[in-house]
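Note sheet for the following structure.
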Amino acid sequence: MEYDHILIRYGEMALKGKNIKKFIIRLQENVQQKLKAFPNVKVKRTQGRMFIILNGSDPVPIIEKCKDIFGIQSLSLAIKVENEPEAVKEAALYALKNSEEVKKFKVTVKRINKDFPIRSQEFNQILGGHLLSNTAGYTVDVHQPDLEIKVEIRNEATYITSSVVKGLGGLPVGTSGKSLLLLSGGIDSPVAGYLAMKRGVQLEAIHFHSPPFTSDRAKQKVLDLAKQLTRFGGSIKVHIVPFTKLQQEVFKSIPDGYAMTIMRRMMMRISERVCEQESILSMTTGENLGQVASQTMESMNTINEVTNYPVIRPLVTMDKSDIIHISQQIGTYETSILPYEDCCTIFVPKAPKTKPKREKANYYESTKDYTALIEEAVSGIETVKVTAETTMEPTFEDLF
Ligand code: ATP
Ligand code: MG
């Protein structure tokens with residue numbers, strides 16, 4: 001006897017009415033993709049349930065991987081047995097004996113298959129009694145158990161599950177379309193990307209790079225951050241924009257107070273071009289109200305003027321400490337705080353306007369034609385496909 005299945009629960013998606021089928025299929029694909037390195041496992045759907053069939057693979061690393069998949073509410077190890085009372089008893093006993101730090105347990109039987117000869121309530125008692133008489137030191141506690149052993153008698157088989165591992169929640173990546181993440185090397189934008197993915201958004205990323213003012217290491221840092229994000233949503237295309245000439249021109253010809261605002265407007269214009277090319281319908285940024293001069297309400301209003309694409313700002317109302325907390329949890333923090341300069345930290349105007357006006361921004365931009373510089377930046381874009389890590393589990397053949 002051993003755990004041969006992992007049960008996947010996908011809570012929120014049950015609310016999605018007609019779309020449910022699409023969501024579940026996408027979740028199944030995402031799980032399959034994530035578990036590519038485990039050649040023996042199979043991911044199956046039955047009505048209202050998703051299972052990973054282990055076929056002898058160690059469940060521990062598989063559960064670890066599944067903890068990074070959006071759309072999974074929770075997971076449990078499961079044993080599949082025939083719809084036979086004796087087999088169910090044996091499996092329940094195995095589940096109890098193989099759990100740690102449990103003193104009080106309860107058994108919950110759910111009989112979906114009404115052909116099964118014993119009613120739920122009665123079978124509950126039979127199983128409880130069986131467990132107590134074959135073990136020592138346990139008590140039954142239906143109100144505050146350390147462990148709930150769930151027995152689900154379905155048409156095809158009975159599944160016995162015990163401890164529940166929490167999943168990430170959210171929606172499966174790919175079910176809410178694509179967004180272009182403006183990815184700097186800072187703390188915020190990777191967190192913004194993560195939160196967008198949590199709502200089912202698939203990401204591409206764009207980064208504005210200003211060599212030689214920003215180094216190759218600064219660029220590599222952004223690619224590293226993108227790589228870390230692939231853990232949650234698979235491969236990410238990163239578009240790297242050569243921004244030096246345009247940025248220098250902006251800082252040369254625009255009054256100091258507006259240079260930052262106009263540089264951001266240029267970023268939005270170029271991002272919109274990439275969205276058009278890639279059929280992406282929105283942008284995502286790490287903007288947050290009130291952090292710095294470029295992130296006041298007036299500033300957002302003036303920057304946003306140049307695009308009518310929706311701009312998703314998952315962090316807009318969050319506290320910095322909460323953002324940092326998420327970045328530590330998702331593993332981007334250590335990379336984000338590396339000191340390599342960003343194009344925005346190099347060209348910092350001495351006194352950026354905290355309340356830039358649309359009319360003034362438009363006026364300053366009209367003093368020079370930036371079209372050719374924007375075109376040049378767009379045509380110089382280098383696109384790198386950052387793929388998710390898949391370290392293969394050694395197969396039997398590899399070992400001999
Ligand atoms: P972050 O921590 O994400 O760098 P920030 O707090 O430094 O953000 P800003 O410098 O005002 O804030 O940048 C606001 C947003 O603009 C960033 O979150 C990011 O989405 C985008 N952005 C800034 N610089 C770049 C860049 N060089 N390439 C791509 N996007 C950028
Ligand atoms: Mg920054």
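Brief remarks on what is shown
- Test: residue in region 206-226 that is more than 13 Å from ligand 1 (Cβ to nearest atom), part of a strand (DSSP E or B) and surrounded by fewer than 22 Cβ atoms within 10 Å (Cβ to Cβ): no
- Region 176-192 residues that are open to solvent by less than 20 Å² (accessible area, probe 1.4 Å), paired with ones that are aromatic (F, W, Y) and more than 6 Å from ligand 1 (Cβ to nearest atom) (beta carbon under 8 Å, 6 or more apart): G185/Y340
- H325 passes every criterion in (1) surrounded by fewer than 18 Cβ atoms within 10 Å (Cβ to Cβ); (2) within 14 Å of ligand 1 (Cβ to nearest atom) apart from (2).
- Residue match in region 258-267 (condition: of a type in the set (S, T, N, Q) and within 11 Å of ligand 1 (Cβ to nearest atom)): yes
- Of everything listed in (1) open to solvent by less than 50 Å² (accessible area, probe 1.4 Å); (2) assigned to a loop (DSSP other than H, G, I, E, B), the single unmet condition for M197 is (2).
- Those residues of region 116-146 which are in contact (Cβ under 8 Å) with a residue 24 or more places away in the chain, open to solvent by 40 Å² or more (accessible area, probe 1.4 Å) and more than 20 Å from E100 (Cα to Cα), in sequence order: P117, I126
- S253 in contact (Cβ under 8 Å) with a residue 12 or more places away in the chain, touching a helix residue (DSSP H, G or I) at 6+ places or on another chain (Cβ under 9 Å) and surrounded by fewer than 18 Cβ atoms within 10 Å (Cβ to Cβ): yes
- Residue in region 158-168 that is open to solvent by less than 10 Å² (accessible area, probe 1.4 Å), in a loop (DSSP other than H, G, I, E, B), at pLDDT 95 or above and not polar (S, T, N, Q) present: no
Residues are listed down the side, and each one gets a yes or a no for (1) of a type in the set (G, A, S); (2) away from ligand 2 (no atom under 16 Å from the Cβ); (3) not assigned by TED's automatic domain parsing to the domain that holds E389:
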position	(1), (2), (3)
G193	yes, no, no
G200	yes, yes, no
L203	no, yes, no
F208	no, no, no
A218	yes, no, no
V222	no, no, no
A226	yes, no, no
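- Candidate set from region 16-37 (those that are part of a helix (DSSP H, G or I) and open to solvent by 80 Å² or more (accessible area, probe 1.4 Å)); member that is nearest to L171 (Cα to Cα): K22
- Residue count, region 165-203 (criterion: within 11 Å of ligand 1 (Cβ to nearest atom), of a type in the set (S, T, N, Q) and touching a Ser or Thr at 6+ places or on another chain (Cβ under 8 Å)): 1
- Exclusive hit being open to solvent by less than 40 Å² (accessible area, probe 1.4 Å), under 24 Å from the mean Cα position of the chain (by Cα) and among the β-branched types (V, I, T), set V41, V102: V41
- Of all residues in region 48-59, those satisfying the criterion of being surrounded by fewer than 21 Cβ atoms within 10 Å (Cβ to Cβ) and either of a type in the set (G, A, S) or under 21 Å from the mean Cα position of the chain (by Cα) (or both) are G48, M50, F51, G56, S57.
- Taken together, the criteria place I236 among residues that are open to solvent by less than 20 Å² (accessible area, probe 1.4 Å), β-branched (V, I, T), in contact with a Ser or Thr (Cβ under 7 Å, 6 or more places away or on another chain) and in the same structural domain as I337 (by TED's automatic domain parsing).
- Region 60-78: number of residues that are surrounded by fewer than 23 Cβ atoms within 10 Å (Cβ to Cβ) and either touching a Pro at 6+ places or on another chain (Cβ under 6 Å) or not in a helix (DSSP H, G or I) (or both): 5
- Note on region 269-293: among residues that are open to solvent by 10 Å² or more (accessible area, probe 1.4 Å) and over 18 Å from G177 (Cα atoms), the one that is farthest from the chain's Cα centre (by Cα) is A293.
- Check on R265, at pLDDT 95 or above and open to solvent by less than 10 Å² (accessible area, probe 1.4 Å): yes
The values are calculated or read from the model by the stated rules, or taken from the named source; none is laboratory data. Note that this is a predicted model, so its numbers are computed, not measured. Virtual Cβ from ideal backbone geometry, glycine too; neighbours counted across all protein chains shown. SASA here: full protein model, heavy atoms, side chains in, ligands and nucleic acids out. Shrake-Rupley method; radii C 1.70, N 1.55, O 1.52, S 1.80 Å.
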